[in-house]
Amino acid sequence: MPAATRNESSHWIFDILELVATSSAPPSAIEIADRLKLPITTTHRGIHTLEQAGYIAQHPMSSRYVLANSTKRLTKALLARFAIRGASLHFLRYVAGASQETTTLCVPLGWYALTVATVLGINEVVDPAPVGSHVALHESASGVALLAFSPKAKIERYLAWVQKSKLGKPRAIQAAVAEAQGQGYALAAAESEMVGELAVPIRNVEGEALASIAIRGRSLGTKSNRPKMLAAAVAAARRIEGVIQLDPARFKNPYDHLPPEQIQLPGAPAAIQRG
Amino acid sequence: MKKASSGRRAPAGKADKGTQAVGLPVNKSSLLILKSLYSFTSEQPSFGVSEFAAKLGITKNMAFRALGTLLDEGFVVRDATAKRYELGYRVLMFMHAGSEETDVRALCVKYMHILQEISRESVVFSIPMGPNLITIDGVEPKGKRFLRVNWVPVPLHASPGSRAILSCLHDDEIEEYIRLSVPLKRFTPTTIVDPEKLRAEVRLVRRKGYAIGYEDRVVGSNFVSFPVLDESGRPHGAITIGGPKERFTKEKMFALIPQLADVMAELNREASLLDASPIFISQQTM
């Protein structure tokens, strides 16, 4: 996009928006001005513009600012872009019921595993993996299940990116990938803490993973629980694959045409962003 | 992705062209760009420049500038043809706060406790799966969450929860269900097995907004079921309230329905923000 076509005066307003969206506690106008090094009058103008546009709202009990409810329309539209999410939700609820543990659906987005659906079980929630959370592919069983069932050239490209970004040890990742390929699923179980994640790929007719279903919770730490949970996740994955086969084009990842290295997600560590 | 601390500066103390002279000032050009992003919806996820201009009632040049800014900020991306613009993944930052309910099951749990307090009876949440209904969560009469839920698939013609969901499907889906399910399975002497009577029941449920049980699946209890719906009226599932008929009498049930319906209306306002999963009538339940 040529620079002349951009609206340069909008950038600082987007900075305010990002600050409000990603702050751990709702910021006040003074804090926003301070953190972005903006004059207070400019900050107020930006805040008011964002309020008028329906992006932020003043917290009802204070002078601090939070995201407005209407931004949920955008996140809803974004999630709807992943058609596989809609087709999987009922099955995820079924798996969450059968395993009684939190069940998630992850899709690949660049070099990340993005959680697009989370269904809580009734067991204690250890790690809820909220919708929108993302980790580099090798950092979770969900991601390894996605990576292991990617084309060979893509796996090699990922390993090169990891090495360049100093995010992990390619050999260890290769071993995890080979193990997942061999057994058809990925398992990350921390025996000492009795917490684990078991992830099964959802594959297209070419065998490439479009998404992964993962069960996360303490009961996976007990080996005897795993076969039943694996069976539930595999059964759900096969059903979803059946739905995908009815209309493969609909379930294509909407960001597949973008180079993975260029996809940088909000809140990703700086080291990853430089990758 | 640009970080919040990227150091981009607005002109200090200097009003933009679009700043209003009186009252609280806004940046008009930014306001237009920000509002324009809301044009991207589940129903219309992509735009060409002309289409975007027409949708917003602005010139093509303005639309090009707005899309250019949104592209630069990562809120839109070009599609595979590079001719159209689609919602970008930077929208993920609006999920960063992360406290919102993102699954209808979690959303329903808090309302199920309210419904239990009102009725002092069992409250369960069921979802459609293929041609059946499956109960996946529940609150006991004393207010505890069920530790174990009965996973027996129930056909969409039997039980009030099934019919609350069936009634929210399109007529052609209901006909497909009937076509694939006849003869309709009988569970008790009062199960609706006549397709014509089932169609009449669907009309009744649509008119009233809830379904009641006829001891057509479980004998000895009274139940009332309400659909949980998304924005377009598609069913996420159904919430059923009920108990033994000696305790939860028909009189008590009908007297409570307006109060229960108010709670369900509140739940459905929140559930409308989530998209219901597609229902594949011909798909076998797991």
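The values are calculated or read from the model by the stated rules, or taken from the named source; none is laboratory data. What you see is a predicted model; the values in this text were computed from it and never measured. Backbone-built Cβ (ideal geometry, glycine too); neighbour counts: all protein chains shown.
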| remark: For region B:29-56 the number of residues that are assigned to a helix (DSSP H, G or I), of a type outside the set (A, V, I, L, M, F, W, C) and more than 7 Å from chain A (Cβ to nearest Cβ) is 4
| Restricting region B:152-184 to residues that are small (Gly, Ala, Ser) and assigned to a loop (DSSP other than H, G, I, E, B), the residue that is farthest from residue B:264 (Cα to Cα) | B:158
| task | Name the single residue, out of those in region B:136-168 being within 14 Å of chain A (Cβ to nearest Cβ) and modelled with pLDDT of 95 or more, that is farthest from residue B:204 (Cα to Cα). | result | B:156
| request: State yes or no: is residue A:41 under 24 Å from residue A:265 (Cα atoms) and either at the interface with chain B (Cβ under 8 Å from one of its Cβ atoms) or free of Cβ contacts under 8 Å to residues at least 24 places away in the same chain (or both)? | output: no
| field | Inter-residue pairs, beta-carbon under 7 Å, first in the same structural domain as residue A:151 (by TED's automatic domain parsing) and in region A:248-262, second loosely packed, with under 15 Cβ neighbours inside 10 Å and not in a helix (DSSP H, G or I), 6+ apart | value | A:248/A:205; A:257/B:80
| remark: Per the filter on region A:138-170, residues in contact (Cβ under 8 Å) with a residue 24 or more places away in the chain, within 24 Å of residue A:196 (Cα to Cα) and outside any helix (DSSP H, G or I) are A:140, A:149, A:150, A:167, A:168
| field | Condition check for residue A:112: farther than 30 Å from residue B:281 by Cα, within 9 Å of chain B (Cβ to nearest Cβ), crowded, with 22+ Cβ neighbours inside 10 Å and modelled with pLDDT of 85 or more | value | no
| task | Take region A:59-82 and flag every residue that is at pLDDT 90 or above and more than 21 Å from residue B:270 (Cα to Cα). | result | A:64, A:65, A:82
| query | Could we say that residue B:223 is touching a Lys or Arg at 6+ places or on another chain (Cβ under 9 Å), more than 14 Å from chain A (Cβ to nearest Cβ), over 18 Å from residue B:162 (Cβ atoms) and buried (at least 21 other Cβ atoms within 10 Å of the Cβ) here? | reply | no
| Out of all the residues in region A:208-221, is one or more surrounded by fewer than 16 Cβ atoms within 10 Å (Cβ to Cβ) and within 23 Å of residue A:111 (Cβ to Cβ)? | yes
| message | Step by step: first the residues of region A:70-96, then only those that are facing chain B (nearest Cβ under 8 Å) and in a loop (DSSP other than H, G, I, E, B), then the one that is surrounded by the most Cβ atoms within 10 Å (Cβ to Cβ). Which residue is that? | response | A:81
